[in-house]
Structure formats: C-alpha cells, structure tokens
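Novice: First the structure, which I've put down as structure tokens, then a few questions once you've had a look.
The values are calculated or read from the model by the stated rules, or taken from the named source; none is laboratory data. The structure presented is a predicted model; accordingly, all values stated were derived computationally and were not measured. Neighbour counts are summed over all protein chains in view; Cβ atoms, including those assigned to glycine, are modelled from backbone coordinates with ideal geometry. Ligands, DNA and RNA are excluded from the accessible area calculation, which covers all protein heavy atoms including side chains. Shrake-Rupley method; radii C 1.70, N 1.55, O 1.52, S 1.80 Å.
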Amino acid sequence: MPKPDLSRVASPYHNYINQVQEDDLASAFANGTKNFTGFIESIPAGKQDYKYAPGKWSIKEVLQHIIDGERVFAYRALCFARMDSTPLPGFEENLWAENAHCENRKWNDLVEEFRTVRKASEILFASFNEEQLEASGIASGNPNYVLGFGYIIIGHSLHHQRIIKERYL
C-alpha cells in the first residue's frame, strides 16, 4: 500500500508523513524503529536531562512525548479501524509533559517503554486489513485515516530525532 493520501490527513501532520521514505508501512515501521531506537540508545547520560533553552523540554521529556503521542495516534487508528465514528479529542502536549514528571524517570525505563509501545504499534498496524487501513474518522477536529496514523507515528519520532540532533546534541 502506498504512502498516505495527504488530502485525507490534517495539514499539521503532513511534515511527519513526508519524513518517512518508505512506501510500505511494515518496512517503514521496521526501519523507523531500528533507526530511532539506535539513536536514543546513543544519547549520552549527561544529555538526557538537558534543555537547550529555558521553558523547553528535556530530552527525557521529548522521549516521553513521543511515547505518549504514539499511544494516542495508535488509539485513534484503532478506533477508526473498528469503525467507531465517535469524534476523538485532541491532547494538550504541554500539559501532558508537565504532568509526566520525567525528572523522576530512569532513562533505561523510558527507552524500554518506547520499545514496548512501538512493538505494540507495529503489531496493531500489521493486524489491519486494507479496508481497515482506509477507515477514517475525526480526531482533534480534523479528518484522518488509519494508514495516515501509521505514518504519523513513524514520522513523529523522526521529526523529534532531527530536533534533538540539531538543538540538544
């Protein structure tokens, strides 16, 4: 199945989808997971709590945000794939980051949580048939569809990987 049709995805997510090179979702998950996991495992211990400016998230908080976002995007995809037409709410990422208390988290636990959540996402998306991948709905007041969320999950981590490299390391 080719990359998502951007006309079916809210414009704020286009950047994430465009960062994914693969045209096959399973390959995109495999490559994206390997790439991102290797990257976060290489972050030095002295940088994990680093914030590049006042009021910005630490690298730990960015990783927690990626994990939280992936859970939300996977839930949205699951609802749409199960043909639930209930409009889904957004989530306030800064409020979530503030209440995640990452300063109390161990880095290795966050890395393991990412691996676990990503594996669950890979299995979930592999379970969807073509009809389910094409299922759509409303989330955060915008249309989207299951295949779009798969690419958003992968592209979201790639987006933050780029930011971490540019601003934190």
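Novice: Could you tell me which label, among (i) 0.93; (ii) 0.96; (iii) 1.27, carries the value of Rg/Rh (Cα atoms, Kirkwood Rh) calculated for this structure?
Specialist: (ii)
Novice: Give me the percent of accessible area attributable to carbon and sulfur for the stretch 74-169, probe 1.4 angstrom.
Specialist: C and S fraction of accessible area: 51 percent.
Novice: Could you pull out every residue, at least 5 positions away or on a different chain, whose amide H is within less than 5 Å of the one on L88? Hs are placed 1.01 Å off N in the peptide plane, and Pro or chain starts have none.
Specialist: When sequence neighbours closer than 5 places are left aside, the close amide H contacts are I138, A139, S140, G141.
Novice: Please work out the FRET efficiency for the pair L95 and R71, using the Cβ-Cβ distance as r and a Förster radius of 25 Å; give the result to the nearest 0.05.
Specialist: Calculated value: 0.95.
Novice: So if each residue of separation counts as 0.36 nm, and I subtract the Cα-Cα distance between D23 and D49, what length gain in nm does that give?
Specialist: Answer, rounded to one decimal: 5.8 nm.
Novice: A follow-up question, please. Can you list the DSSP H helices in the chain whose Cα atoms extend at least 27 Å along the helix axis and whose mean Kyte-Doolittle hydropathy is -0.5 or higher?
Specialist: 59-81, 107-127, 146-167
Novice: What is the gain in length, in nm to one decimal, between S140 and K106 on full extension, counting 0.36 nm per residue of separation less the C-alpha to C-alpha distance?
Specialist: On the way: separation 34, 0.36 × 34 = 12.24 nm, distance 3.13 nm.
Full extension of this stretch gives 9.1 nm more.
Novice: OK, next. With runs of 4+ DSSP H residues as the only contributors, calculate the mean residue ellipticity of the chain at 222 nm using -39,500 (n - 2.57) per run, divided by the residue total and rounded to the nearest 500.
Specialist: Mean residue ellipticity, 222 nm, calculated: -19500 deg cm²/dmol.
Novice: What pairs in K3/K56; K3/K34; K34/K60; K3/K47; K3/K106; K3/K60 have C-alpha atoms more than 27 Å from each other?
Specialist: K3/K56; K3/K47; K3/K106; K3/K60
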